[in-house]
Structure formats: structure tokens, C-alpha cells
Amino acid sequence: MAEENKIYDIRGMSAYSRLQEYTSYQPTEVGTFTIDSAGKFANCDGAKLPTLKDFKLPLFLNKGYKSGVKTVETLENTSTWEEELRWIKKNSGGYKSVSDVDVITERSILKDIANTNHDCYKISWKFEACKFKGKLYIRRSEEEVKEDVKEPDLWAEKYAYWRKKFEDLVLERDSGTKSTHRMLKGNVGSKKVLLSSEVDAVTDEGNHLAVRTCFVDKLTAKIPLAWLQCHLGKVDVLYFGFMDKRGTVPEMPTEISVQQIPGMYVKAYEANAMIGFLGDVLDWVFKELPDKDESSVLEYIAGSREIVLKSQGNKFLPKWYLQCVSASAKKDKSS
């Protein structure tokens, strides 16, 4: 007999603003890893991080753009979930290094969940979840949430290209490295979360920057989500390249302190509500899932007031990772 779907009813924002203050989420960095140009994982604590480079203005972001050309780097959601598991296996502490962790996931997933209530239910998302040996794992679903789109969104395609072009023009990356990621631990709700977070750039002073593009008249609308992503990823500064409708950045990018955004661009109670909502959802999923290596779908459909959790019954964790967990347990017993 199939298991009944579990339903989480979404309440108003005020109900979550009292659950957790956003300032109580203070993650710590516990390691790094990189993905090379061939897409391979490398455990590289202490590796060279991306930095800002010298460039001349104006920046022409539309240069080289061809309508209809889709690139993985700009238009597809890239998951680092399996690389995160590899980091757990290969870091100096091994599986034991996550003995204090309740939830293992990616920053982008936490951002999408936390933004649901704040964004007035406009964006659908679909993830896969599993609880095994007392730990909740959440990854992006292999099946994308299908939207009713009558024709390709050429403007979104162009804007994605501009974002990627801006990064290429202002960032200095290590040769052969596609992306660098931090591993962070932080408390959300009653759970300790391990998450991976991509590093855009680091200054000489050690401040982490999130590199973004934006139209000047869209900053107020864009900054709440940008703040949320930075706050979850322990980013210090938002580095905005303001562009015109032709994709030209005429002036030096603007730096905005992430710490100063609540109270200026985002109300403090809204920031609290996003983190409070995220914690409440994680607590709910953790409670509802059985402790076994089986996948469930965690889904939100835009416009609804509920999150659905439904069992799939498929195996979830990679065999090599299960072997890592088993080997750690045997080592603990023998010691």
C-alpha cells in the first residue's frame, strides 16, 4: 500500500519572523573543494581562491552573444551535491567530521526553500530528500519542475549570458579550475546544517564577494534574494555591476555590505521570517521522513500554500558513500 503524501501548510510571514532571528545563523567554514575544467572533484583545503582582476570600462557584456545558444554554465542548474559527499569522505576527519550534523545539502536549495514565503509563492521547486543514520540529505531533483512556457525566454537567455560574461571579465580564477566551493556548518532551526557554497571572489583583506549584475532600477527587487544567498553562504560583500538594456556596464561596480542590508533594503522581520521558515521546514521534513536509504520528493508548486513530501521508494545514496558510512561505523566499534 502506497504511503500517503505528507503536507506542510505554509503560514503567514509573521508566524515565522518570531521563530529565529537571522543573526543567529552564523556558519563556520570547515573546508573547501574545487571542480576542475573537466568537471572532476579535487579536495583542496587552502587552495587559491578567485580574486578580482584589473579591467577597463566600459564592459560590453553582450559581446559574443548568439541568440538561441544555450550553455551549461549559464542556463542549467549545476548541482555539487555528490561532490559534497566526496568532500565528507576525503577530508581529514572523514565521515566522523559530520557526526554533529543533522542536514546535508547545498546553499542554493536552502535559498529556494527560504525564499518561498517571502517571494509571494511565485517560484516552484522540486528536490529529493532522504534521512539515513540520523542525517537528512536534500539534493536537486533530476526531473526539472516543468513550467508552461509557450516559447523560449530569449531575454532570460541573454541575461544569463551577461551574468556569466561579467564574471569572466572581472574575476581571476586559478588555471584549470571551473569553480571553488566552501563547506560550511551552521544552525538553522533546531538542526545543524552542512552546506556547500560556491566562492565568487575573495579580496586581499579576506572578504568574500558575491559577483552580480543588475539594472539600476531593479536593485530593490533583486537584493532580498541576493542577501539571502549571501547570508546563507557567509558572504561579506555584494559586488554589483549595474548595466543598461544593451548589456553595457559603464561605471565601476558598487560594493554593498551584506551585514548592512537588513534595515536598508530588507526589513529585519522579513529576514527573520526567511530563516525562521527555512528552519521550520527542515524540522518538519526531518520529523516526517523514515530513517532509511529511500528517496522522497519534496515539492512546492508556485501559487499554492503547501509543500508536499511524497515517497518514491528508490535508493538515494551512492554505494561508495554507503561504504564510507559503514566503514566509519566499524572503525568506531573497534576503537
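The values are calculated or read from the model by the stated rules, or taken from the named source; none is laboratory data. As the structure is a prediction and not an experimental result, all values here were calculated from the model. As a convention, Cβ positions derive from the backbone with ideal geometry for all residues, glycine included, and neighbour counts pool all protein chains shown. Heads up: the accessible areas ignore ligands, DNA and RNA and are worked out on the full protein's heavy atoms, side chains in. Shrake-Rupley method; radii C 1.70, N 1.55, O 1.52, S 1.80 Å.
Looking at region 304-327, can you tell me whether even one residue there is at positive phi and touching a residue at least 24 places away in the same chain (Cβ under 8 Å)? Scanning region 304-327 turns up no residue that is at positive phi and touching a residue at least 24 places away in the same chain (Cβ under 8 Å).
Where strands (runs of 3 or more DSSP E) fall entirely within region 225-313, those with at least 2 residues that are closer than 26 Å to residue 196 by Cβ and modelled with pLDDT under 95 are at 292-300. If you take the residues in region 101-133 that are among the acidic types (Asp, Glu) and in contact with a strand residue (DSSP E or B) (Cβ under 6 Å, 6 or more places away or on another chain), which one is surrounded by the most Cβ atoms within 10 Å (Cβ to Cβ)? Across region 101-133, the extreme among qualifying residues is 106. Applying the criterion of being touching a Phe, Trp or Tyr at 6+ places or on another chain (Cβ under 9 Å) and touching a residue at least 40 places away in the same chain (Cβ under 8 Å) to the residues of region 22-43, the residue that is surrounded by the fewest Cβ atoms within 10 Å (Cβ to Cβ) is 43.
Among the residues making up region 10-34, a single one is acidic (Asp, Glu) and assigned to a loop (DSSP other than H, G, I, E, B): 21. Of all the listed residues (247, 241, 279), the sole one being more than 23 Å from the chain's Cα centre (by Cα) and open to solvent by less than 10 Å² (accessible area, probe 1.4 Å) is 247. Within region 295-335, being among the small types (Gly, Ala, Ser) and closer than 11 Å to residue 95 by Cα holds for 326, 327, 328, 329.
Checking the stated criteria, residue 48 turns out to be basic (Lys, Arg), at pLDDT below 90 and surrounded by 11 or more Cβ atoms within 10 Å (Cβ to Cβ). Could you check residue 233 against (1) in contact with a Ser or Thr (Cβ under 6 Å, 6 or more places away or on another chain); (2) open to solvent by 10 Å² or more (accessible area, probe 1.4 Å) and say which number it fails? Status for residue 233: all satisfied but (2).
Let's see how each residue does on (1) modelled with pLDDT of 95 or more; (2) surrounded by fewer than 16 Cβ atoms within 10 Å (Cβ to Cβ); (3) of a type in the set (Gly, Ala, Ser):
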| residue | (1), (2), (3) |
| --- | --- |
| 139 | yes, no, no |
| 160 | no, no, yes |
| 175 | no, yes, yes |
| 185 | yes, no, no |
| 195 | yes, no, no |
| 202 | yes, no, no |
| 205 | no, yes, no |
| 213 | yes, no, no |
| 221 | no, yes, yes |
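Residues of region 314-335 that are assigned to a loop (DSSP other than H, G, I, E, B) and charged (D, E, K, R): 315 alone.
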